[in-house]
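The values are calculated or read from the model by the stated rules, or taken from the named source; none is laboratory data. Model, not experiment: these values are computed from the prediction. In this analysis, Cβ positions are derived from the backbone assuming ideal geometry, glycine residues included, and neighbour counts consider all displayed protein chains. Note: accessible area is taken over every heavy atom of the protein model, side chains too, but ligands, DNA and RNA are not part of it. Shrake-Rupley method; radii C 1.70, N 1.55, O 1.52, S 1.80 Å.
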Amino acid sequence: MEVVKGRIIKGIGGFYYVDSGDRVYECRARGKFRKLGLKPCVGDWCEVQVVDETHGYLQELLPRKNELIRPHVCNLDALVIVVSQAPPVTDLFLIDRVSAIAVHYGMEVIICINKCDLSSGEDLAQLYESVGFRVVCVSGKTGEGVDLLKEAIAGKLSAFTGNSGVGKSTVINAISPALNLETGDINEKIGRGRHTTRHSELFRISHNTWIADTPGFSAFDTERMELITPEDLKHGFPEMERFEGMCAYQDCAHVKDRGCAVLQAVENGEIAKSRHDSYVKLYQSMKEIKSWERKESR
């Protein structure tokens with residue numbers, strides 16, 4: 001039987017949909033995956049044993065370069081964090097927590113500030129550009145800045161995430177109107193939007209450009225932070241890297257030790273206080289996790 005290579009674009013109810021480039025196959029996974037404890041994932045490159053023009057069996061999963069658990073997406077090149085300074089205003093701690101996960105797992109971080117027609121987001125842009133992240137200001141409604149966002153994700157598999165109500169699906173629709181993703185209105189009483197994305201799904205925008213629509217922050221796997229050790233957390237904050245080795249103590253945690261170059265940089269305005277506050281909050285929460293708990297969560 002013919003075997004083709006493709007990418008899993010959706011998984012629902014035990015069926016996996018694989019895009020081979022010229023068609024999509026509906027597939028079941030071979031029993032060996034269950035025996036080996038392997039669960040196919042949206043974003044996986046795989047080999048499909050073809051049964052007919054639209055059906056097949058998942059035969060092999062190719063090695064992954066990274067993986068998120070909730071939402072279950074893998075082989076990501078970039079994480080686009082859609083945020084807003086217009087209601088509902090995005091909490092900086094959420095941005096910092098999710099971006100730290102992305103950096104740790106080798107993904108490019110792209111901060112997409114939506115609703116710039118209502119609030120420019122200039123302060124937010126300056127903050128995250130100073131970190132070294134790519135920042136694009138857009139309006140999903142008017143189309144402003146969308147071409148710059150298309151340029152930022154070209155040739156990549158990018159996952160889009162953001163707290164509900166910031167217009168994530170609206171931004172994706174602006175990138176590719178043919179997708180026509182469901183969008184939700186803002187609840188005026190609570191200032192949040194309704195979740196419209198219930199599962200992760202991959203969409204091919206061009207030959208080598210893919211985007212993944214995923215649930216919002218409440219479903220995003222921020223608990224994955226538990227797999228990052230407190231010692232490794234600093235690598236999720238790129239602006240701290242240039243001060244590495246400059247502290248008085250070699251094993252400085254950059255939290256409160258005397259002679260800490262990072263704390264001095266915060267005081268001098270070289271590192272944003274909000275970013276360091278997020279780092280300390282994450283560091284302290286991870287210090288409370290015992291090593292055996294960390295192993296069990298893997």
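Brief remarks on what is shown
- A Förster radius of 51 Å, combined with the Cβ-Cβ distance separating Arg30 from Gln264, puts the computed FRET efficiency at roughly 0.35.
- Residue of Asn66, Asn268, Asn180 that the Gaussian network model of the chain assigns the largest fluctuation, springs spanning Cα pairs under 10 Å: Asn268
- Of the Cα atoms belonging to the stretch 101-172, the radius of gyration and Dmax stand at 11.9, 34 Å.
- Per-pair calculated FRET efficiency, R0 = 25 Å: Leu62 and Glu2 via Cβ, rounded to 0.05: 0.90
- When the residues Glu26, Glu239 are ordered by accessible surface, computed with a 1.4 Å probe over the protein chains alone, the sequence from largest down reads Glu26, Glu239.
- In summary, the helical segments of the chain meeting the span-like criteria, namely a full DSSP H run, a Cα extent along the axis of 15 angstrom or more and a mean Kyte-Doolittle hydropathy of at least 1.0, are 92-104.
- Beta bridges by DSSP in the chain, antiparallel share as percent, to the nearest 5: 55 percent
- Choice from Ala261, Ala152, Ala178 with maximal GNM fluctuation in the chain (Cα, 10 Å cutoff): Ala178
- Relative contact order (%) - criterion: Cα under 8 Å, at least six apart; region: the stretch 117-171: 26 percent
- Using C-alpha pairs under 8 Å with a sequence gap of at least 6, the mean separation divided by the residue count of the chain gives a relative contact order of 15 percent.
- Centre-to-centre separation between the Cα atoms of the stretch 257-283 and those of the stretch 108-139: 22 Å.
- Taking every alpha-carbon pair in the stretch 30-157 and binning the separations at 5 Å intervals from zero gives 2, 9, 16, 18, 15, 12, 9, 7, 7, 4, 1 percent.
- What a 1.4 Å probe finds exposed on the chain is 48% carbon and sulfur by accessible area, rounded to a whole percent.
- Solvent exposure ordering (accessible area, 1.4 Å, most first) of Phe203, Phe237: Phe203, Phe237
- Solvent-accessible heavy-atom area per residue, rounded to whole Å², over the chain at 1.4 Å: 50 Å²
- D (Stokes-Einstein, µm²/s), Kirkwood Cα radius, the chain, 0.890 mPa s at 25 °C: 119 µm²/s
- Accessible-area value, Arg242, 1.4 Å probe, nucleic acids and ligands omitted, Å²: 150 Å²
- Sequence of Val98, Val24, Val89 when ordered by accessible area, the most exposed leading, probe 1.4 angstrom: Val89, Val24, Val98
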